[in-house]
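First comes the structure, then the notes that go with it.
The numbers here are math on the coordinates, done by the rules we state, and not lab data. In this text, all values refer to a predicted model and were calculated from it rather than measured experimentally. Note: ideal-geometry Cβ built from the backbone for every residue, glycine included; neighbour counts use all protein chains shown.
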Amino acid sequence: QQQVKQSPQSLIVQKGGISIINCAYENTAFDYFPWYQQFPGKGPALLIAIRPDVSEKKEGRFTISFNKSAKQFSLHIMDSQPGDSATYFCAASIRGGADGLTFGKGTHLIIQP
Amino acid sequence: EAQVTQNPRYLITVTGKKLTVTCSQNMNHEYMSWYRQDPGLGLRQIYYSMNVEVTDKGDVPEGYKVSRKEKRNFPLILESPSPNQTSLYFCASRPLAGGVETQYFGPGTRLLVL
């Protein structure tokens, strides 16, 4: 049973547009929700993360929105740039990340110039 | 420079021929882990280690072994590789006290089992 469902699998956005990637989870014990960015040939790198005591976290052009009652969270990339083209993974963890990560299946994002 | 290194980066082998993928970190991290990444499946944890001589299974441990004789090294061993182990493998490390905010991933090892 997949514990973190991510959509869409792939996404094409025009430069300057907003990219939105969604994730949903089942396990209410999850209490830490990071997003990772992965470029070809590289390992995943932490992009931004949120804990369930807040509904939104913003870092530059990247925003996580979190809906605890719906058990959903999403990544918004404002003013998307070609350099944002990458694969994005949502993840969830228990005990604030002290345990291992459960990853979504990934979204391949392409920003067209 | 803080980093996690993996070797080899690319490997082609045949079914049944034992292989080892090495992982080394220079940050004195206690926690190390291995993930495999497959298209459409994301990353799945294979094994993890919370310190020297302490290892435990992740979500997909079948067909793999690990060892943790030294703090800096965490090799992944495939005793008898099979084609379904063709995948992209990542090693990761972090301090035991730190959460995943402090986790570093290696550059990956792409394995093809014929």
B:MET27 versus B:LYS57: modelled label distance in nm, points set 7 Å from Cα along the beta carbon direction: 2.8
Each label sits 7 Å from Cα toward the beta-carbon; between B:ILE77 and A:ILE20 the label points are separated, in nm, by 5.0
Summing +1 for each Lys or Arg and -1 for each Asp or Glu, what net charge is found among the other residues whose Cβ lies under 14 Å from the Cβ of A:LEU47? +1
Once phi is turned into θ = phi - 60°, what whole-Hz ³J(HN,Hα) does the Karplus curve with 6.51, -1.76 and 1.60 give for every residue of region A:60-73, x standing for Gly and Pro? x, 8, 9, 9, 9, 10, 10, 10, 5, 5, 8, 6, 9, 8
Interchain or long-range residues, amide H under 5 Å from A:LEU47's placed H: A:TRP35, A:TYR36, A:GLN37
Return the distance in nm (one decimal) between the two label points of a simple spin-label model at A:LYS68 and B:ASN84, each offset 7 Å from Cα along Cα→Cβ. 4.0
On average, how many beta carbons from a partner chain sit within 10 Å of the beta carbon of a residue in A:32-45? 4
What fraction of the Cα pairs in chain A, stated in percent, has a spacing above 24 angstrom? 19
Quickly rank A:76-89, A:52-65, B:32-45 as a protection proxy: mean count of other C-beta atoms within 10 Å, highest first. B:32-45, A:76-89, A:52-65
Here the percent of antiparallel bridges among DSSP beta bridges lying wholly in region B:11-114, to the nearest 5, is 90
Provide the per-residue ³J(HN,Hα) series for region B:29-40, in order, calculated from phi with Karplus coefficients 6.51, -1.76, 1.60 and θ = phi - 60°, each as a whole number of Hz, with x at glycine and proline positions. 6, 7, 8, 9, 8, 10, 10, 10, 10, 10, x, x
Other-chain or far-sequence residues with amide H under 5 Å of A:SER85's (modelled H): A:ILE111
Dimensions in Å of chain B - Rg and Dmax from alpha carbons: 13.2, 40
When the protein assembly as shown is reduced to its Cα atoms, the Kirkwood hydrodynamic radius in Å: 18.0
What pairs in A:LYS58/B:LYS69; A:LYS15/A:LYS42; A:LYS5/B:LYS17; A:LYS15/A:LYS71; A:LYS58/B:LYS65; A:LYS68/B:LYS57 have C-alpha atoms more than 32 Å from each other? A:LYS58/B:LYS69; A:LYS5/B:LYS17; A:LYS58/B:LYS65
Scan around B:TYR31 for amide H atoms under 5 Å from its own, H built in the peptide plane at 1.01 Å from N, and keep only partners 5 or more places away or cross-chain. B:ARG94, B:LEU96
For region A:29-36, what does the Karplus curve 6.51 cos²θ - 1.76 cosθ + 1.60, with θ = phi - 60°, yield as ³J(HN,Hα) per residue in whole Hz, taken in order and with x for Gly and Pro? 7, 4, 9, 8, 10, x, 10, 10
What does the highest-first list of A:8-14, A:32-38 look like by mean Cβ count within 10 Å? A:32-38, A:8-14
